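Structure provided below as structure tokens; questions to follow.
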Amino acid sequence: MNKNIDYSCIVPVFNEEEVLLKTYQRLTEVMQSLDGTYEIIFVNDGSRDSTRSILQKLSTEDSSVKALHFSRNFGHQIAITAGANYASGKAVIVIDADLQDPPELIVQMVEKWKEGYQVVYAQRLKRNGETFFKKQSASLFYRILSKLTDISIPVDTGDFRLMDAQVCRELAGLHEKNPFVRGQVSWLGFKQTAIHYERDERAAGETKYPLKKMIKLSIDGITSFSYRPLKLASYLGVITAFIGFVYLIIVLFQRFFTDTTLTGWTSIIILQLVFGGTILFILGLIGEYIGRIYDEVKDRPLYIIEEENGFSK
């Protein structure tokens, strides 16, 4: 830890060769405008393009640039966690490399931090350059998460934020194997506030959060901070049992008080689908939680760093 660093900027990167130099330039301009010393920590999450060689070159040319290179792709949230573990600054800023989140907002974050706020998160008013489906699905996810969890996770926020060093230390002590950083920071508490902005289009390249990764992130967020889905399984069990009981009464009534002839096939298939689908859904929910318990019990390292650039030995 270098106690002479005022600001640490963490930048997770994965195959960002097209935009990396532009990101470095804009970040450097912003960090140099601040009244203090700084470091920019790029976390290379197993990139397969020329990202590594670009970062190696930048770290030799600029002493403020540091880089961590994972041995493989461990994931965006883990990359943020690794950067936070290595950050030395009194204030730690997390920002993606794609320039959708404008680095110039860091100046406003620092101003809020100097006012006494320990977490300053950027809240989106508008998302430019994204599909209708992604906008709506993201909006729905944040609102469902807010309803399911017992903590207040701000809606329409990503990982673009400033954290005080104390918050960063507490975050490093959580050791969760499937981290959901924005939820963890909300769970930690401390004095938090928002700044609002319109999110830009990607400066280059393609999104690193396709639908599959978005679904995983959503599941991580919900299962990490809520056990209400397990209660939902109990509710579904009660509802389906009630439906079955009602149907039993109907069948008995028809059998003893009417001349209706029942073939049975349709009713049997319907009941099998309802009960079978409900049971599989419940087993799936339980499986998600058991899988996360399994990850925690194995206690494997959260990430493996193959190479470090720019860090003093």
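Spin-label point model (7 Å from Cα, Cβ direction): what's the I286 to D35 distance in nm?
So the two model labels end up 6.0 nm from each other.
Still on this structure: How large, in percent, is the carbon and sulfur part of the accessible surface of the stretch 8-93 at a probe radius of 1.4 Å?
47 percent
Continuing with this model, one more query. Please list the non-local residues whose amide H lies under 5 Å from the amide H of T37, H modeled 1.01 Å from N, same-chain partners needing a gap of 5 or more.
Amide H neighbours of T37: D6, Y7.
State whether the stretch 1-42 is rounded, prolate or oblate according to the following rule on the C-alpha gyration tensor (a ≥ b ≥ c being the square roots of its eigenvalues): a/c under 1.5 gives rounded; otherwise a/b larger than b/c gives prolate, and the remaining case gives oblate.
Oblate is the answer for the stretch 1-42, as a/c is 1.5 or above yet b/c matches or exceeds a/b.
Let me ask you something else. In whole Hz, what ³J(HN,Hα) sequence does the stretch 107-124 give by Karplus (6.51, -1.76, 1.60; θ = phi - 60°), x for Gly and Pro?
Going residue by residue, I get 4, 5, 4, 5, 4, 5, 4, 5, 6, x, 6, 9, 9, 10, 10, 8, 10, 6 Hz, with x marking Gly and Pro.
Sticking with this structure for a sec: Which of N15, T37, A82 sits closest to the plus end of the dipole of the stretch 2-130, meaning its Cα is farthest towards the positive end, when Lys and Arg get +1 and Asp and Glu get -1 on the C-beta?
Farthest along the dipole direction, towards plus: A82.
Could you order H175, H69, H196 so the one with the most accessible surface comes first? Probe is 1.4 Å.
I get H175, H196, H69, largest accessible area first.
Also, I was wondering about something else. Rounded, prolate or oblate for the stretch 38-105? Axes are the square roots of the Cα gyration tensor eigenvalues, ordered a ≥ b ≥ c, and the cut-off for rounded is a/c under 1.5.
In terms of gyration-tensor shape, rounded.
Something else about it: May I ask you to compute the full-extension gain from K126 to E296, defined as 0.36 nm times their residue separation minus their alpha-carbon distance, rounded to one decimal in nm?
Gain in length upon complete extension: 57.5 nm.
How much FRET efficiency would the formula 1/(1 + (r/R0)^6) give for E104 and L21, where r is the Cβ-Cβ distance and R0 is 22 Å, rounded to 0.05? Display every interim value, and only then the final one.
Numbers: r = 18 Å, r/R0 = 0.80.
That gives a FRET efficiency of 0.80.
The values are calculated or read from the model by the stated rules, or taken from the named source; none is laboratory data. Owing to the predicted nature of the structure, the values given are computational and were not obtained by experimental measurement. Ideal geometry is used to build each Cβ from the backbone, glycine not excepted, and the neighbour counts take in all protein chains shown. Ligands, DNA and RNA are excluded from the accessible area calculation, which covers all protein heavy atoms including side chains. Shrake-Rupley method; radii C 1.70, N 1.55, O 1.52, S 1.80 Å.
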